[in-house]
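The values are calculated or read from the model by the stated rules, or taken from the named source; none is laboratory data. The structure presented is a predicted model; accordingly, all values stated were derived computationally and were not measured. Here the Cβ positions follow ideal geometry from the backbone for every residue, glycine too, while neighbour counts run over all protein chains shown. To get the accessible areas, we keep the full protein, side chains included, count just its heavy atoms, and leave off ligands, DNA and RNA. Shrake-Rupley method; radii C 1.70, N 1.55, O 1.52, S 1.80 Å.
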Amino acid sequence: MKQNIFRGLGIALVTPFTAEGAIDFKALKRLLDFQLSNGADFLCILGTTAETPCLTMEEKMAIKDFVVEVNNHRVPILMGCGGNNTAAVVNDLRTMNLDGVDGILSVCPFYNKPSQEGLYQHFKAIAEASPLPVVLYNVPGRTGVNLKPETTVRLARDFENIVAIKEACGRLEQMDEIIKNKPEWFDVLSGDDALAFSMIASGAAGVISVIGNALPKEFSRMIRLEFKGEYNSARRIHHRFTELYSLLFVDGNPAGVKALLHEMGYIENELRLPLVPTRITTMQKMADILAELKI
């Protein structure tokens with residue numbers, strides 16, 4: 001039985017671009033070195049925050065290879081590999097070069113809105129094809145379908161290489177239902193920064209974080225304090241970021257965190273269409289919060 005190694009603070013890594021629209025590998029290295037030296041427990045690459053739908057397969061593999069090289073076995077790497085064509089995802093898992101990757105994050109099929117049985121069969125096929133541990137990803141706001149707790153628990157019990165779920169349904173009662181009924185070896189990870197404090201207090205094993213791109217030291221400290229049962233100290237950190245949580249997503253993800261990272265001097269404020277940079281007013285509010293936090 002495989003034990004989940006993706007615990008604590010996971011970074012939902014952004015993809016920096018140059019002003020000309022190419023992948024900015026120099027900026028990506030700066031970002032990785034910053035995160036790895038400031039509390040990141042694992043890296044989540046080629047997910048939603050990476051603007052993966054707007055990357056070619058060649059670009060995805062170049063990012064994967066680059067992150068593997070820079071990381072140099074310091075922390076585990078979780079890589080996005082999902083879609084709404086089950087056969088295509090299975091083919092990718094069987095043919096892609098996964099050297100240096102420690103696990104697969106696979107999102108619920110989007111747009112075609114399968115039933116719960118369809119979701120089960122989709123992830124069954126992925127689990128049977130994957131040479132690596134699988135982390136499920138439930139994000140109904142993006143996919144249009146909710147992986148219900150009973151389906152999640154069924155998958156966890158039936159496939160030992162399905163080791164965790166990134167749960168971003170936005171409903172604490174659903175997450176609590178999974179935590180209550182899951183097998184002991186299966187973990188729940190928060191997919192929502194704003195709910196990470198509450199989820200970890202309820203038994204989640206960590207978070208795959210957007211804000212962690214820019215504030216890994218502070219966010220990882222909150223998580224570590226919770227793991228030690230020091231909830232009052234952790235809550236104070238959580239409350240410092242309350243306004244920032246909403247600002248990061250008001251103009252869409254990753255527009256907010258890219259603006260924050262640009263303000264901090266790490267990357268250019270560039271996205272690929274159909275995403276556009278966050279509004280100037282939002283940027284100014286985030287800059288003001290950074291000044292107040294003295295970060």
Taking Lys and Arg as +1 and Asp and Glu as -1, residues besides Ser37 with C-beta under 15 Å from its C-beta add up to +2
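Report the per residue volume, in Å³, of the convex hull enclosing the C-alpha atoms of segment 72-115.
Values: hull volume 3.2 nm³, N = 44.
In segment 72-115, the Cα convex hull volume per residue is 73 Å³.
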Descending semi-axes in whole angstrom, ellipsoid equivalent of segment 1-78, from the Cα gyration tensor:
22, 14, 11
Looking at segment 174-295, how many pairs of lysines come closer than 25 Å at the Cα, when each pair is eight or more places apart or spans two chains?
9
If you find the alpha carbon centre of segment 36-82 and of segment 129-203, how far apart are they in angstrom?
21 Å
According to the Kirkwood expression over distinct Cα-Cα pairs, how big is the hydrodynamic radius of segment 50-89, in Å?
11.6 Å
Out of residues 5 or more away from Asp24 or on other chains, whose amide H comes under 5 Å of its own, with H placed 1.01 Å from N in the peptide plane?
Phe17, Thr18
Under the rule of at least 5 residues apart or a separate chain, name every residue whose amide H is placed under 5 Å from the amide H of Ile162.
Val134
Mean projection of the alpha-carbon convex hull of segment 205-295 over all orientations, in nm²?
6.1 nm²
Round to a whole number: what % of the accessible area of the chain belongs to carbon and sulfur, probe 1.4 Å?
50 percent
Nearest-0.05 FRET efficiency for Val250 and Glu173 at R0 = 30 Å, using Cβ-Cβ distance, is 0.75
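If you count the DSSP beta bridges with both ends in the chain, what percent of them are antiparallel, to the nearest 5?
Numbers: 1 of 29 bridges.
Within the chain, antiparallel bridges account for around 5 percent of the total.
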When the distances between all Cα atoms of the chain are binned every 10 Å from zero, what whole-number percent does each bin get?
6, 30, 37, 22, 4, 0
Using the heavy atoms of the protein chains and a 1.4 angstrom probe, tell me the accessible area per residue for the chain in square angstrom.
43 Å²
For segment 81-226, evaluate the Debye formula with one uniform point scatterer on each Cα (no solvent term) and list log10 I(q)/I(0) at q = 0.12 Å⁻¹, rounded to two decimals.
-0.48
Global size of segment 111-165 as Cα Rg and Dmax, reported in angstrom
10.7, 29
